[in-house]
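Structure, as structure tokens:
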Amino acid sequence: MMLLATFLTEILILAGIFSLLAVDLLFLRKKDATERVKSLGALASLLVIATGVILFLRGNSVQTVHALGGMWVLDPLVLFFKEVILAITLITILISMEKPFTSHISEYYALILFACLGMLFLVSAEELIMIYVALELLSVSLYILVAFHQGVPRSSEGAVKYFLFGALSSSFLYFGASYLYGLSGATNLTFLGQYLGSLPTPFGPERSLLWVAAAFILVGLGFKVAVVPFHLWAPDAYEGAPTPVTAYISTGSKLASFFILIKILLLAMKPIGGSPLHTQFGGGWEASLAIVAVFSMTLGNLVAMTQKNLKRMLAYSSIAHAGYILVGVVAATRMGIASVFYYLVVYAFTQLGAFGVVTAISAKVGGDAIEDFSGMGKRTPLLSMLMAVFILSLAGIPPLAGFFGKFYVFLSAVGRDPQGYGLMWLVVVGVANSAISLYYYLKILKQMYIVEPKEVTPLRTSGTMVLALSLCALFVIGLGIFPHPLISYLNTLLSYLPLRNL
């Protein structure tokens, strides 16, 4: 019974998947697509809400639970991120109800929930085999979802590229993991960290294999979070996928992947972190990720400036934001990790809102090029106002939450070496790139508010879409006005993650 209680959230999601498929098969298959997408979407939403409520009620009594021999952990930090994943899934389902884009509607919602299940497994995993199973469940679900846009060739193209790059990244990740297992004889992250910490300094014969393992793992996870130079799949997958799927990939998948990246780096590979400080640069993954952060921020923002398709622009923007997030990871302090978690939560709801607006407008105008959004300030004032909130938050304009996300990340980098200014170089690059990003973010708002519309007919939006986007906007504005409670709460939750030397 204890084991069933530990996996209750995942069991409920799995039961909901089969319930959706059964309800569609038995009662809704002969209905028209619009009715099916709304009915099944409402059922899926209720399922996610019920699961979230049960998880919240359980959270008051859970401290730390280990299951399956240490492969699985449940603690308040993990519970918090499971709640965030369920909230992201709920909003994705709500924005998916705007317009049917496939006849396989129950299968679409089932795959969304399968991807959610993979994320829930991933944030609880503290063992390499469990991480492998969770990542594959998540990845395979997303590969299929990218190809769900019926009759759109670029959807199939994006799915193929995503699949090929994803399979390659998995190979890198698990090849590196096999080396770690060969060195230590274990797959548990905490045990791996203890083993590497016990090795003599400098390392003996294990040194070469250890660096190979670390390099392959970083490459594999670099693909998952779409940082340079492992980002090539992202623009095509983002553009080709149905917009709600794009939103889900850029938020839920990125959040879960960064969470497990941090676990692997700080639980298993902290002893080989090295130093990113300019006074003693090199020697580990911190220096490597600092370079990756610079290229991700710079390339992501510069290429985004040239894009004419809004989804591709937001894809390159997502690459740049992954670079900002890495600044906090490189800081590798308690404040740095708390700021990364804060950034991930804020970014998820901001990006969801932005793609939700793209979903609502493109469903009416039939395209997602930037010029298709001309004059939307007049045609749909509410959606345009919400889009302005999301875009300005992504740009880091105060007092919105996106500003404090960058502020805390950069502050943590400065705090890594406050006397020697060892990470100030990375902060300067980040601030400069934030200024560059203003160009293309403001270009979107210019198109919506200054350029005259091609038509003057007002656009109507469903109440479900308005509700989902309003929730995202309230979250972004609320965390901008009151950022301290969440960052303090996350800092408290870090006590459940055995972060050595932080």
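The values are calculated or read from the model by the stated rules, or taken from the named source; none is laboratory data. Just so it is clear, the structure is predicted and the values come from calculations on it, not from any experiment. Note that we place each Cβ from the backbone using ideal geometry, even for glycine, and neighbour counts take in every protein chain shown.
In the stretch 36-63, which residues are surrounded by 12 or more Cβ atoms within 10 Å (Cβ to Cβ) and of a type in the set (Gly, Ala, Ser)?
Scanning the stretch 36-63 gives 39, 41, 42, 44, 45, 50, 52, 59.
Can you pull out every residue in the stretch 22-35 that is under 18 Å from residue 46 (Cα atoms) and surrounded by 15 or more Cβ atoms within 10 Å (Cβ to Cβ)?
23, 24, 28
Can you give me the number of residues within the stretch 124-161 that are crowded, with 23+ Cβ neighbours inside 10 Å and either of a type in the set (Asp, Glu) or within 13 Å of residue 257 (Cβ to Cβ) (or both)?
Residues flagged as crowded, with 23+ Cβ neighbours inside 10 Å and either of a type in the set (Asp, Glu) or within 13 Å of residue 257 (Cβ to Cβ) (or both) within the stretch 124-161 amount to 6.
What number of residues in the stretch 25-49 are in a helix (DSSP H, G or I), over 20 Å from residue 89 (Cα atoms) and of a type outside the set (A, V, I, L, M, F, W, C)?
2
Conditions (1) without any contact (Cβ under 8 Å) to a residue 60 or more places away in the chain; (2) under 22 Å from residue 322 (Cα atoms), marked per residue:
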{"site": "172", "(1), (2)": "yes, yes"}
{"site": "181", "(1), (2)": "yes, no"}
{"site": "198", "(1), (2)": "yes, no"}
{"site": "232", "(1), (2)": "no, yes"}
{"site": "243", "(1), (2)": "no, yes"}
{"site": "261", "(1), (2)": "no, yes"}
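Which members of the stretch 103-153 meet the condition of being part of a helix (DSSP H, G or I) and among the small types (Gly, Ala, Ser)?
106, 110, 115, 118, 124, 134, 139, 141
Going by the conditions given, is residue 219 β-branched (Val, Ile, Thr), at pLDDT 85 or above and in a helix (DSSP H, G or I)?
So residue 219 passes the test.
Does residue 99 fit the bill of being closer than 25 Å to residue 358 by Cβ and charged (D, E, K, R)?
Yes.
Just give me the residues in the stretch 222-235 being outside any helix (DSSP H, G or I) and buried (at least 20 other Cβ atoms within 10 Å of the Cβ), in sequence order.
226, 227, 228, 230, 231
Listed here are the residues, each with its yes/no results for (1) farther than 24 Å from residue 107 by Cβ; (2) aliphatic (A, V, I, L, M); (3) touching a Gly at 6+ places or on another chain (Cβ under 9 Å).
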site	(1), (2), (3)
163	no, no, no
171	yes, no, yes
213	yes, yes, yes
221	yes, yes, no
247	no, yes, yes
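Can you tell me which of 256, 293, 287 is aliphatic (A, V, I, L, M) and either in contact with a Lys or Arg (Cβ under 9 Å, 6 or more places away or on another chain) or under 24 Å from residue 88 (Cα atoms) (or both)?
256
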